[in-house]
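Heads up, the thing below is written out as structure tokens.
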Amino acid sequence: MQGNYKTLALFDTGCNYSAINKKLAESLRLNILPTTGISKSWDGTETTLSAVADIKIRYGKREFTARVDVCENLSHDMYVGCDLLGPLGISISGIENEISTTITIAEGSFI
């Protein structure tokens, strides 16, 4: 993909790892790498993990590359888990309301 893609991401502080929707990853022509593993949701449901992708993320003045899980049927384009909160410069303390923000998947994400 050339250029940038802005997306809304769900900040999931109960999740250890971040994920991108498989349809979005394919439309951005990300290099999807096969892997094996099991992901467990908050209710104990296990899902087989079969792919990851390296993406460049830009948030404010921060830009970095991160490896994220590639998952089908996510309710959002991307889930940001605890693994990316630090690199994004985000800390969570005493939030009582919904936070809305935009993350840019930067040009050259097809590493």
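The values are calculated or read from the model by the stated rules, or taken from the named source; none is laboratory data. Since the structure is predicted, the reported quantities are computational estimates derived from the model, not experimental observations. Please note: Cβ atoms are built from the backbone with ideal geometry, for glycine as well, and neighbour counts cover all protein chains shown.
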Qualifying residues in the stretch 16-50 (those that are part of a loop (DSSP other than H, G, I, E, B) and modelled with pLDDT under 85) - the one surrounded by the most Cβ atoms within 10 Å (Cβ to Cβ):
S41
Select from the stretch 62-111 the residues that are of a type in the set (F, W, Y) and at pLDDT 85 or above and write down the one among them that is surrounded by the fewest Cβ atoms within 10 Å (Cβ to Cβ).
F64
Can you pull out every residue in the stretch 23-60 that is charged (D, E, K, R) and under 24 Å from G86 (Cα atoms)?
K40, D54, K56, R58
